[in-house]
Amino acid sequence: MVSMMTEQAPSLNKFEKLKVEKDGLAVKADLEQFAQVGWEAMDETDRDHRLKWLGIFFRPVTPGKFMMRLRLPSGIISSAQMRVLAEIVQRYGEDGNADVTTRQNLQLRGIRIEDLPDIFQRLANVEMTSVQSGMDNVRNITASPVAGLDGDELIDVRGLVQQVQDMITNSGQGNPEFTNLPRKFNIAIEGGRDNSIHAEINDIAFIPAFQVIEGESQLGFNVVVGGFFSAKRCEAAIPLNVWVSPAEVVALCRAILEVYRDHGLRANRQKARLMWLIDEWGIEQFRASVEEQIGHALYPAAVKDEIDWEKRDHIGVYPQKQAGLNYVGILIPVGRLYASDLFELARIAEVYGSSELRLTLEQNVIIPNIPDTRLEAFLQEPLLEKFAVNPSPLMRSLVSCTGSQFCNFALIETKNRALAMIKELEAEIEAPQPVRIHWTGCPNSCAQPQVADIGLMGTKVRKNGKTVEGVDIYMGGKVGKDAHLGACVTKGIPCDDLKPVLHNLLIEHFGARSKAV
Ligand code: SRM
Ligand code: SF4
């Protein structure tokens, strides 16, 4: 399939080797055997790496308790699906939970290898998949969390997002055409006006734009490519100088993935994301290769795109484009959910809405399709005392990656620390507006500190002769229209010394007032 790989054989790194030896997807046929042998006796490469092709992650921090990363295109999930997830994590007691991720997705914890055959059957029963969600695959495809609900959206992209996922994963069965990319890959499709998807940090992003085609103005997408974060380098996506109609989105994704698969750099994993290939070729040659792959000329980008709003966070009650219906965004502190929460979310979505739930890139939940007449009763639900509709300004925009509780890359603990810090800060100061504070446990930047108002990136620092947990501080991330990445402004603050630093930043830059004054 990937002819370059055999030519490159002498310089294959460990990951390229393991992919050549056995395709990641092949472990699908081995699940019963893994279940019988157990996690300690099974082949380590299958366990630590190839299982990620099925969305199953060995966690060195909690050996034997795996993480399962799903795929939820556009962040949409039904109550029936959520209940199945609740049942899966419930059986693991205190080990079981679910996190809403920064790609509007869910990750389950506590998963035991012996349960995988049963779990995959349960997922299949409700048409859910976790396939190709880790390692060198395309991640969950993101979209506006209010696609199809938003009265001001330009294109309802839900169907397109599903079609792109189906193309990449063979409708959830697994697709060996795209299981050996040089590295991970992110795709996002925006249909609204507020760049809810962070177009700038995806390998491919589609942004609504009008182009004049044969004398007529048509609505489609401008395309940007190559955005990514990694420990070594972070880059915003750049224009491909291509406009496509909605009907061409799937074909363009396919062509770009094929070019990347067949020509992407594979020798050094630190230099394998799409932007490195674009650097090497130049954007014109990359565009020409994509055109050749798709088999026809592509239209140039429209002069302007339609992103002209500030980014919304969707927390609170909002009328939908469907008369008499509302969506309600509720805050899930740092995205952490337990089985009981999943059951309750499923229940309220059924009782008050249309049995549908949405997840946001800010790790929160939206319940859509609540009639005006049911709104008051909905807002009285006890669950909303835990997951607020009108949270305090600092809590409202808090985002955190997994951190050292489960992630072996982590240099610091994040989620619990993030929550505790906000509570302490809110006891001291009043913030007049939300401040987007993102905690990420290491330079991999899963919680996107570069898009935050204040980004905190885990590091190790020396304090009083000891190595302690600390953060580098990022500021200036701008989201929505005219989005641009923030930069590191201060390095190496020990976490124990962080509170006064944040206190001052909030007062000096975000109009917060000290309660003591
Ligand atoms: Fe990430 C690796 C968690 C979004 C950049 N990321 C990991 C691993 C799999 C590392 C590991 O094996 O432990 C983490 C799993 C920890 C765990 O147990 O939960 C992990 N990443 C996450 C999540 C769960 C963070 C969160 O709390 O929300 C997000 C899952 C999204 C999803 O549903 O698929 C997550 N990761 C991101 C993002 C944000 C985004 O996509 O907008 C980024 C930066 C954007 C990008 O990729 O360009 C991101 N994760 C990375 C990287 C650096 C990639 C690189 O090119 O070097 C790694 C390390 C790697 O891939 O080698 C990584
Ligand atoms: Fe783990 Fe680092 Fe990603 Fe946080 S940023 S989830 S610590 S890899």
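The values are calculated or read from the model by the stated rules, or taken from the named source; none is laboratory data. Values in this document were obtained by computation on a predicted structure and should not be read as measured data. Positions of Cβ are backbone-derived with ideal geometry, glycine not excepted, and every protein chain shown enters the neighbour counts.
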Counting only residues that are surrounded by fewer than 21 Cβ atoms within 10 Å (Cβ to Cβ) and either at pLDDT below 95 or in contact with a Lys or Arg (Cβ under 8 Å, 6 or more places away or on another chain) (or both), the stretch 66-87 contains a total of 2
- Would you be able to say whether some residue in the stretch 427-443 is touching a residue at least 60 places away in the same chain (Cβ under 8 Å), away from ligand 1 (no atom under 15 Å from the Cβ) and of a type in the set (D, E, K, R)? yes
Log entry, pairs with first residue in the stretch 387-404 being over 20 Å from residue 510 (Cβ atoms), second being within 16 Å of ligand 1 (Cβ to nearest atom) and of a type in the set (S, T, N, Q), beta carbons closer than 6 Å, six or more apart or on different chains, reads 401/414; 401/440; 403/414
By residue number, the members of the stretch 442-493 that are surrounded by fewer than 21 Cβ atoms within 10 Å (Cβ to Cβ), within 14 Å of ligand 2 (Cβ to nearest atom) and over 18 Å from the mean Cα position of the chain (by Cα) are 459, 460, 472
The stretch 70-129: strands (runs of 3 or more DSSP E) wholly inside it with 3 or more residues that are more than 25 Å from residue 143 (Cβ to Cβ), of a type outside the set (Asp, Glu) and within 23 Å of the chain's Cα centre (by Cα) are 106-111
Scanning the stretch 25-57 for residues that are outside any helix (DSSP H, G or I) and out of contact with any Gly (no Cβ under 9 Å at 6 or more places or on another chain), the one farthest from residue 169 (Cα to Cα) turns out to be 41
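Return the residue satisfying two criteria in turn: it lies in the stretch 380-403 and is within 16 Å of ligand 2 (Cβ to nearest atom) and out of contact with any His (no Cβ under 6 Å at 6 or more places or on another chain), and of such residues it is farthest from residue 445 (Cα to Cα). Break it down stepwise before answering.
As a first pass, look at the stretch 380-403 and keep what is within 16 Å of ligand 2 (Cβ to nearest atom): 398-403.
Filter once more, so that each one left must be out of contact with any His (no Cβ under 6 Å at 6 or more places or on another chain): 398, 400-403.
Numbers: 398: 15, 400: 10, 401: 8, 402: 11, 403: 11 Å.
Once the filter is applied, the top-ranked residue is 398.
For the stretch 194-309, list the strands (runs of 3 or more DSSP E) that sit wholly inside it and hold at least 2 residues that are under 24 Å from the mean Cα position of the chain (by Cα) and within 16 Å of ligand 1 (Cβ to nearest atom); which are they?
Details: elements: 204-213, 216-225, 238-244.
Where strands (runs of 3 or more DSSP E) fall fully within the stretch 194-309 and carry at least 2 residues being under 24 Å from the mean Cα position of the chain (by Cα) and within 16 Å of ligand 1 (Cβ to nearest atom), they are 204-213, 216-225.
Only one residue in 449, 494 is within 16 Å of ligand 1 (Cβ to nearest atom) and free of Cβ contacts under 8 Å to residues at least 60 places away in the same chain, so which one is that?
The unique qualifying residue is 449.
Does residue 74 satisfy the condition of being in contact with a helix residue (DSSP H, G or I) (Cβ under 6 Å, 6 or more places away or on another chain) and touching a residue at least 24 places away in the same chain (Cβ under 8 Å)? Before the answer, list the steps.
On the way: in contact with a helix residue (DSSP H, G or I) (Cβ under 6 Å, 6 or more places away or on another chain): yes; touching a residue at least 24 places away in the same chain (Cβ under 8 Å): yes.
So residue 74 passes the test.
Condition check ((1) out of contact with any strand residue (DSSP E or B) (no Cβ under 6 Å at 6 or more places or on another chain); (2) within 24 Å of residue 310 (Cα to Cα); (3) in the same structural domain as residue 279 (by TED's automatic domain parsing); (4) of a type outside the set (Gly, Ala, Ser)) across all residues:
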| position | (1), (2), (3), (4) |
| --- | --- |
| 188 | no, yes, yes, no |
| 193 | yes, yes, yes, yes |
| 210 | no, yes, yes, yes |
| 214 | yes, no, yes, yes |
| 220 | no, yes, yes, no |
| 231 | yes, no, yes, no |
| 239 | no, yes, yes, yes |
| 244 | no, no, yes, yes |
Would you check if there is a residue in the stretch 147-169 being closer than 26 Å to residue 228 by Cα, under 18 Å from the mean Cα position of the chain (by Cα), acidic (Asp, Glu) and outside any helix (DSSP H, G or I)?
no
Restricting attention to the stretch 310-324, the residues that are touching a Leu at 6+ places or on another chain (Cβ under 8 Å), hydrophobic (A, V, I, L, M, F, W, C) and outside any strand (DSSP E or B) number exactly 1
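Is it true that residue 361 is within 16 Å of ligand 1 (Cβ to nearest atom) and touching a His at 6+ places or on another chain (Cβ under 7 Å)? Explain how you work it out, then say what you get.
On the way: within 16 Å of ligand 1 (Cβ to nearest atom): yes; touching a His at 6+ places or on another chain (Cβ under 7 Å): yes.
The answer is yes for residue 361.
Would you list the strands (runs of 3 or more DSSP E) that sit entirely within the stretch 442-512 and hold 2 or more residues that are under 27 Å from residue 430 (Cα atoms) and out of contact with any helix residue (DSSP H, G or I) (no Cβ under 7 Å at 6 or more places or on another chain)? Write out each step before concluding.
Values: elements: 454-463, 466-475, 487-494.
Ranges flagged: 466-475, 487-494.
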